[in-house]
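Step one of this worksheet: look at the structure below.
The values are calculated or read from the model by the stated rules, or taken from the named source; none is laboratory data. Being a predicted model, the structure only gives us computed values, none of them experimental. Methodologically, a virtual Cβ is constructed for each residue, glycine included, from the backbone with ideal geometry; neighbour enumeration extends over all protein chains shown. These area figures cover heavy atoms from the full protein model, side chains too; ligands, DNA and RNA do not enter into them. Shrake-Rupley method; radii C 1.70, N 1.55, O 1.52, S 1.80 Å.
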Amino acid sequence: MGTLDPELADRVHDALTAKGVTVRLGEELRALEPASGGGESGGGNVVTDRGAVPADLVVLGMGVRPNTDRAREAGVPLSARGAIAVDRRQRTGSDGVWAAGDCAAVHHRVSQQPTHVALGTVANKTGRVAGINLGGGYATFKGVLGTAITKVCEVGIGRTGLTSREAEEAGFETVVGAADTTVQAGYMRAPGFAHVRLVCEQGTGRLLGGQIVGTQGVAKHIDTVATALWTDLTCHDLIDLDLSYAPPFSSVWDPVQQAARVALRAL
Ligand SMILES: Cc1cc2nc3c(=O)[nH]c(=O)nc-3n(C[C@H](O)[C@H](O)[C@H](O)COP(=O)(O)OP(=O)(O)OC[C@H]3O[C@@H](n4cnc5c(N)ncnc54)[C@H](O)[C@@H]3O)c2cc1C
């Protein structure tokens, strides 16, 4: 969960711990060893710099990087994190060569920098743009916000735009609006929980990013934040948005708007 600010990554940590998962951080994988007398189905040990952990099954989630060796060898210019540099029409720096999807760099609409985002949402859109242009049409890719959603058991996790650290690296001075609230109206029988964090620009209140961790589908509210980011809304604008409300769905102030109100106080 390195794409979240630590305050929200901690909530994911809590959700895992509540499920009985032991989370071991800052520990380096050294080897995967079959147990003596074991073998393919006999289990084994995950060996780290701190010792051995017995395991029946190992799932590796080690991140993604673009496989662009062949492009580099062919002289195609690369960009962020080794992804292929493209223009707004998905043309590379080599005549007649187009790139889209996980292998290609994209423009980040908030940081205004090239970045690499390995997501199916982006692959589909950049592929569509490349296809239209290759077919003789005209289309441009408008860039990304890094909007993504996932879940750990019943806890959903959504993020978009810049984290606090990314915003500061991009040169923004920031304020944060954080709300620890319920998904449904608080007096409902099982209202769930929602942690919302909005990163805004100091002074202007312009929204720079947002993260949500919570139950009952609340993480999908990240799309409200993404739409606000796309159109350069401020936390003042967010508060004014005419969002829906009924007790089984949310409080009268949507969780995102509750965080915007906190951000406004911090501004
Ligand atoms: C486990 C997992 C879960 C994911 N979940 C989500 C999700 O929930 N939401 C989301 O937005 N994204 C998700 N993604 C990311 C998403 O799947 C990718 O971003 C998307 O598939 C990228 O599409 P692509 O066409 O660029 O690349 P790919 O889908 O990787 O396709 C590339 C193709 O090129 C082929 N190929 C490679 N080298 C050569 C070669 N030399 N010659 C010929 N063919 C070659 C490969 O075999 C492959 O078929 C997930 C990815 C993984 C791995």
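What the table below lists for this structure:
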item	result
Top-ranked residue of segment 37-91 - restricted to ones that are surrounded by fewer than 10 Cβ atoms within 10 Å (Cβ to Cβ) and hydrophobic (A, V, I, L, M, F, W, C), ranked as modelled with the lowest pLDDT	Met62
Residue list for segment 234-267, filter: touching a Leu at 6+ places or on another chain (Cβ under 8 Å) and basic (Lys, Arg)	none
In segment 82-128, the residues that are touching a residue at least 24 places away in the same chain (Cβ under 8 Å), part of a loop (DSSP other than H, G, I, E, B) and of a type in the set (Gly, Ala, Ser)	Ala83, Ala85, Ala99, Ala100, Ala105, Ser111, Ala118
Yes/no for Thr163 being touching a strand residue (DSSP E or B) at 6+ places or on another chain (Cβ under 9 Å) and within 12 Å of the ligand (Cβ to nearest atom)	no
Selection count, segment 92-108, where residues are buried (at least 17 other Cβ atoms within 10 Å of the Cβ) and more than 10 Å from the ligand (Cβ to nearest atom)	6
2 or more residues open to solvent by 50 Å² or more (accessible area, probe 1.4 Å) and within 23 Å of His13 (Cβ to Cβ): qualifying strands (runs of 3 or more DSSP E) within segment 142-198	148-152, 174-181
Any pair with Cβ under 9 angstrom, 6 or more apart, that starts in segment 63-80 at a residue that is within 10 Å of His116 (Cβ to Cβ) and ends at one that is open to solvent by 50 Å² or more (accessible area, probe 1.4 Å) and near the ligand (Cβ under 10 Å from one of its atoms)	Val64/Asp102; Pro66/Asp102
Residues (in contact with a helix residue (DSSP H, G or I) (Cβ under 7 Å, 6 or more places away or on another chain) and within 11 Å of the ligand (Cβ to nearest atom)) located in segment 110-129	His116, Ala118, Ala123, Thr126, Gly127
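One line per residue, one yes/no per condition, for (1) acidic (Asp, Glu); (2) touching a strand residue (DSSP E or B) at 6+ places or on another chain (Cβ under 9 Å); (3) more than 25 Å from Ala190 (Cβ to Cβ); (4) in a helix (DSSP H, G or I):
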| residue | (1), (2), (3), (4) |
| --- | --- |
| Gln211 | no, yes, no, no |
| Ala226 | no, yes, yes, yes |
| His236 | no, no, yes, yes |
| Ala260 | no, yes, yes, yes |
